[in-house]
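Every read-out reported here was derived from the displayed coordinates using simple, explicitly stated rules and does not represent laboratory data. Keep in mind it's a predicted model, so treat the numbers as computed, not measured. Cβ coordinates were reconstructed from backbone atoms using ideal geometry, including for glycine residues, and neighbour counts include every protein chain displayed.
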Amino acid sequence: MPEQISIFELVSNASLLVQLVMALLLAASITSWMMIFQRWFFLRKTEADLATFDEHFWSGIDLRKLYGQLEGADDLTGIEKIFVSGFKEYLRLSEQGGGDTEIIMQGVQRAMRVAVSREEEQLDRNLPFLATVGSTSPYVGLFGTVWGIMNSFRSLANMTQATLASVAPGISEALVATAMGLFAAIPAVIGYNRFSARVDVLMGRYQTFADELLTLLQRASHARQTRQ
């Protein structure tokens with residue numbers, strides 16, 4: 001029985017360009033897995049923090065007291081930053097005196113919109129890289145395969161007697177590049193789609209909270225002006 005060639009031998013015997021393609025795909029795959037785990041832990045923590053704050057916020061606590069607890073803290077979560085930015089702007093505009101409710105609410109809305117945008121940037125971090133790896137890795141691997149097969153047929157032209165055994169190693173090592181491209185692309189695509197869906201859910205909840213807080217502050221502003 002002829003001795004089978006290992007994957008390591010196929011890679012080590014490949015041409016320099018094909019080896020570079022494989023190295024690039026391996027680096028992309030390792031980086032993608034690191035980002036996948038990082039995003040998974042980050043989004044899991046963000047979802048837990050959001051649930052905790054939401055329960056605390058709707059427990060009936062006074063908003064000024066809640067703001068006092070969070071103001072100046074260095075480790076605010078995403079939802080807490082949105083609340084602090086909106087309530088801080090509300091206090092600033094209200095304390096100026098004579099502020100119209102509509103003007104105050106417009107300022108609060110702008111402040112929270114900026115905070116939500118910043119949180120969206122944090123949630124979307126590394127996702128473009130996963131999308132790029134998922135969409136380009138198969139083509140990079142295919143390029144390595146085409147180049148390897150082309151070299152195999154070029155060497156075949158110099159042989160007096162061509163057999164399958166003489167070209168099979170070259171074709172096999174070229175196909176390894178395609179396999180590595182798929183190995184890098186599939187997890188990246190799955191991770192990107194999964195995380196994008198979770199980010200969309202989180203952003204929807206952030207927007208809902210911002211609207212609810214705006215409504216509460218608008219009622220408080222109307223009540224304040226009525227008392228005056």
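If you wrap segment 182-225's Cα atoms in a convex hull and average its projection over all directions, what's the area in nm²?
Values: hull surface 11.7 nm².
With every direction weighted equally, the projected area is 2.9 nm².
Taking the average, over residues, of other Cβ atoms within 10 Å as the packing measure, peptides 52-64, 201-213, 107-119 rank 107-119, 201-213, 52-64 from highest down.
Remark on segment 25-78: Rg and Dmax equal 17.0, 54 Å (Cα only).
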